[in-house]
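Engineer: Got a structure here, written out as structure tokens. Questions coming.
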Amino acid sequence: MEAVATLFKEQIGLIVTVASCVIVVSFFRWFFLKRESALGAEKKLPRQLWMLLITIVCVLIIILALPIKEATRGQVLSLLGIVITSIIALSST
């Protein structure tokens, strides 16, 4: 039981960050998309782009809050950048 308490104390920052990001994304999903669900596709697109931006920012914040070494964090962020770049490149063709 003591090991679990120690682990929880070490990870409290990450837990709070993930919970905050989930709350923020859920709120903005409701605010942008669910509140006015009868919107057409043309009006939904900007809202969906805002949701994409908010989600990417939350993922970046969670990656920065992970308890990993700087070199590993840099590699994860580089991988995320490559993935986002490839998604943009493939969606524009």
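The values are calculated or read from the model by the stated rules, or taken from the named source; none is laboratory data. Quantities reported herein were computed from a predicted structural model and do not represent experimental measurements. Virtual Cβ from ideal backbone geometry, glycine too; neighbours counted across all protein chains shown. When the accessible area is computed, the model is the full protein with side chains, heavy atoms only, and any ligands, DNA or RNA have been set aside. Shrake-Rupley method; radii C 1.70, N 1.55, O 1.52, S 1.80 Å.
Engineer: Restrict the search to segment 1-89; then list the trypsin sites (Lys or Arg not before Pro) that DSSP places in a loop and that have at most 10 other Cβ atoms within 10 Å of their Cβ.
Structural biologist: Of the trypsin sites (Lys or Arg not before Pro), the ones in loops of segment 1-89 whose Cβ has at most 10 other Cβ atoms within 10 Å are Arg35, Lys69.
Engineer: Does the chain come out rounded, prolate or oblate, given a ≥ b ≥ c as the square roots of the eigenvalues of its C-alpha gyration tensor, rounded meaning a/c under 1.5 and, failing that, prolate meaning a/b above b/c?
Structural biologist: oblate
Engineer: Give me the number: length gained by fully extending Leu39 to Ile88, i.e. 0.36 nm times residue separation minus the C-alpha to C-alpha distance, one decimal in nm.
Structural biologist: Length gained between Leu39 and Ile88: 15.1 nm.
Engineer: Let me ask something else. Report the FRET efficiency, 1/(1 + (r/R0)^6), for Gln75 and Phe31, where r is their Cβ-Cβ distance and R0 is 35 Å, rounded to 0.05.
Structural biologist: It comes out at approximately 0.55.
Engineer: So how compact is segment 38-81: Cα radius of gyration and Dmax in angstrom?
Structural biologist: Over segment 38-81's Cα set, Rg and Dmax evaluate to 15.0, 46 Å.
Engineer: Could you work out what % of the accessible surface of the chain is carbon and sulfur, using a 1.4 angstrom probe and leaving DNA, RNA and ligands out of the count?
Structural biologist: Carbon and sulfur together cover 73 percent of it.
Engineer: Between the DSSP loop rule and a limit of at most 16 other Cβ atoms within 10 Å, which GluC sites (Glu not before Pro) in the chain are left?
Structural biologist: Glu36
Engineer: Just read off the accessible area of Leu53 with the full protein assembly in place, 1.4 Å probe, to the nearest 10 Å².
Structural biologist: Rounded to the nearest 10, that gives 90 Å².
Engineer: Something else about it: Just tell me which lysines come within less than 27 Å, Cα to Cα, of Lys44; anything on the same chain fewer than 8 places away is out.
Structural biologist: Lys34
Engineer: With a point put 7 Å past each Cα toward its Cβ, work out how far Leu66 is from Leu52 in nm, to one decimal.
Structural biologist: 2.3
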